[in-house]
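> Let me begin by handing over the structure; questions about it come next.
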Amino acid sequence: MPGLLLRAGRIPGTLAYRVGSRFGGDVLKVAIFGLGYVGSTAAGCIASQGHTVIGVDVSAAKVETLNAGRAPVYEPGLEELIAAAHADGRISAVATLTDELDDCDLAVVCVGTPSGVDGAHNMSYIAQVTRSIATALKPDRTKPLTLAYRSTMRPGSCENIIWPILESHLGDAAASAVELVYNPEFLREASAIEDYFHPPKIVIGTLGGKPSATMAKLHEGIEAPVFEVGLREAEITKFVDNSWHAVKVAFANEIGRVCQNLGISAKTVHEIFVSDTKLNISPHYTRPGGAFGGSCLPKDVRALQYIAADTGSATHLVDSLLRSNEAHKHHQFVKATEGLAPGAKVLLVGLAFKAETDDLRESPAVDMARKLLEAGYDLDVYDPHIAPENLVGQNLGYAYSLLPQIDDLLVAKEEAERRDYAVIVATNRLVGDLALGAGTRIVDISVIA
Ligand SMILES: NC(=O)c1ccc[n+]([C@@H]2O[C@H](COP(=O)([O-])OP(=O)(O)OC[C@H]3O[C@@H](n4cnc5c(N)ncnc54)[C@H](O)[C@@H]3O)[C@@H](O)[C@H]2O)c1
């Protein structure tokens, strides 16, 4: 598992992107492949920090534009950065590589990864550009070229597509000639320069999560949390971020439609929603782990679906939530029972929907108990807060309708600690209260590490 390092940006204060300024450290020679929105912005910004930049693009028109000191794409402020760097002789471009990489410290790949016909990214530009880099690279370089990919591509691309292309051209020398990095880009068009110098985070993916001295130099002076992680964690970052942004937009619009159809001010509702930075706009409810349950979330999601249907407001995202949650419960059951012999003895720790309550209503742990019993496992349940004789009302009805055997399943702490279980399925932190023998197999379904 690659290491994760989070540290604060190295130089405090705000970085102004003054043309020609350097913030200490060495000057890098940087090749940028792909002069689209990402590559042109990177070229202008990196050159403005005093580094030397050579742009490479298959488009002769873009190369010509850059060599004339102009920006190949329109982005506010970019024309000025490129013009100034060009006047200083720190930026130029070529359409075909000759020996430009020989004295480069870093190559940054920003070619497009558009959708393929099956929805997966079309990786042909990545493959082509990697082949041209591998062909141009001298295997006996004195210093490895740091080869950083910024294009968005699926996890495993660096290891399964890029590295084999490099190896097929460079052989064993690939390992000494190239430092492979994945460095996702978080800029937004129209504010790309501001975003380049003030990113929400810097993610550097390398084999084994090793720090890259060249990437550290490149980001010198940029204030942001830095994550030095494995290639795949870095590669998936953009998918997670962009899908999350899409979820937020779709959710906002679904709520907007419902409000509009009910004659409620969506603007006011939005103001109330975003004002809550404790539970709404916060890290809460974003950690992969347990399914949602309890007396409120499933009930109120269901009721919102009803209101939406009643008012003719299509809410496809909200409609998918309960199904997604059921899918997660099944996933947890599959993980918890992986490799278990038929009829094995299992202890489920935590039956209520969270620790420190006896509320069983729509508890995902009750579903887990039911699934384990249906699959024929010999089940015990430990939850010190549940006393069947104290269950009343809906709580009682839910417990007995889903788990009629509840009285026979519950065991006391001493029994749970004494008995020999093939696996202990932990649904919450209660498992920490048990004194369990070393070597006891515990599957904690409240966390996906
Ligand atoms: N545009 C954004 O806001 C943004 C933000 C973050 C990440 N990204 C990702 O960055 C990547 C690039 O996005 P973009 O919007 O800049 O793309 P773009 O289409 O604007 O630019 C891609 C450039 O690559 C060039 N190119 C293609 N093959 C080449 C080759 N073999 N050698 C050299 N140049 C080559 C093209 O001519 C083009 O100029 C994509 O993977 C995208 O998903 C984009």
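The rows are residues; the columns are (1) touching a residue at least 40 places away in the same chain (Cβ under 8 Å); (2) in the same structural domain as P72 (by TED's automatic domain parsing); (3) closer than 14 Å to C110 by Cα.
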{"position": "Y149", "(1), (2), (3)": "yes, yes, yes"}
{"position": "W163", "(1), (2), (3)": "no, yes, no"}
{"position": "E167", "(1), (2), (3)": "no, yes, no"}
{"position": "G171", "(1), (2), (3)": "no, yes, no"}
{"position": "V178", "(1), (2), (3)": "yes, yes, no"}
{"position": "Y182", "(1), (2), (3)": "yes, yes, yes"}
{"position": "L187", "(1), (2), (3)": "yes, yes, yes"}
{"position": "A190", "(1), (2), (3)": "yes, yes, no"}
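> For the range 93-103, how many residues meet the condition of being in a strand (DSSP E or B) and free of Cβ contacts under 8 Å to residues at least 40 places away in the same chain?
Result for the range 93-103: 0.
> In the range 137-166, what residues are within 16 Å of the ligand (Cβ to nearest atom) and part of a loop (DSSP other than H, G, I, E, B)?
L137, R150, S151, T152, M153, R154, P155, G156
> What is the residue count in the range 365-411 for residues that are touching a residue at least 24 places away in the same chain (Cβ under 8 Å) and of a type in the set (D, E)?
4
> Would a scan of the range 200-208 turn up a residue that is within 15 Å of K238 (Cβ to Cβ), touching a Cys at 6+ places or on another chain (Cβ under 9 Å) and away from the ligand (no atom under 11 Å from the Cβ)?
Yes, the conditions are met somewhere in the range 200-208.
> Give just the number: which of (1) away from the ligand (no atom under 16 Å from the Cβ); (2) surrounded by fewer than 20 Cβ atoms within 10 Å (Cβ to Cβ); (3) over 24 Å from L35 (Cβ atoms); (4) modelled with pLDDT of 95 or more does V229 not satisfy?
For V229, the failing item is (2).
> Those residues that are under 22 Å from E414 (Cα atoms) and under 32 Å from the mean Cα position of the chain (by Cα), I need them from the range 332-365; list them, please.
Those that are under 22 Å from E414 (Cα atoms) and under 32 Å from the mean Cα position of the chain (by Cα): L348, V349, G350, L351, A352, K354, A355, E356, A365.
> Taking the range 191-226, which residues are of a type in the set (A, V, I, L, M, F, W, C), within 17 Å of Y149 (Cβ to Cβ) and at pLDDT 95 or above?
I202, V203, I204, M215, L218
> May I ask you to list the residues in the range 166-199 that are aliphatic (A, V, I, L, M) and within 16 Å of L81 (Cα to Cα)?
First, pick out the residues of the range 166-199 that are aliphatic (A, V, I, L, M): 166, 170, 173-175, 177-178, 180-181, 187, 190, 192-193.
Correct list: A190, A192, I193.
> Can you find even one residue in the range 237-247 that is away from the ligand (no atom under 16 Å from the Cβ) and either assigned by TED's automatic domain parsing to the domain that holds S48 or buried (at least 17 other Cβ atoms within 10 Å of the Cβ) (or both)?
No: the range 237-247 contains no residue that is away from the ligand (no atom under 16 Å from the Cβ) and either assigned by TED's automatic domain parsing to the domain that holds S48 or buried (at least 17 other Cβ atoms within 10 Å of the Cβ) (or both).
> Just checking, how many residues over the range 271-302 are closer than 13 Å to E362 by Cβ and of a type in the set (A, V, I, L, M)?
Of the residues in the range 271-302, 3 are closer than 13 Å to E362 by Cβ and of a type in the set (A, V, I, L, M).
> Right, another one. Can you find, within the range 55-92, the residue that is nearest to the ligand (Cβ to nearest atom) among those that are surrounded by 23 or more Cβ atoms within 10 Å (Cβ to Cβ) and assigned to a strand (DSSP E or B)?
Across the range 55-92, the extreme among qualifying residues is V56.
> What are the residues in the range 104-136 that are assigned to a strand (DSSP E or B), more than 9 Å from the ligand (Cβ to nearest atom) and surrounded by 18 or more Cβ atoms within 10 Å (Cβ to Cβ), if any? Reasoning before the result, please.
Going through the range 104-136, the residues assigned to a strand (DSSP E or B) turn out to be 106-109, 115, 121.
Add one more test, that the residue is more than 9 Å from the ligand (Cβ to nearest atom), and what stays is 106-108, 115.
Of everything in the range 104-136, those that are assigned to a strand (DSSP E or B), more than 9 Å from the ligand (Cβ to nearest atom) and surrounded by 18 or more Cβ atoms within 10 Å (Cβ to Cβ) turn out to be L106, A107, V108.
The values are calculated or read from the model by the stated rules, or taken from the named source; none is laboratory data. Because the structure is predicted, anything quoted here is derived from the model rather than measured. We place every Cβ from the backbone using ideal geometry, glycine too, and count neighbours over all the protein chains shown.
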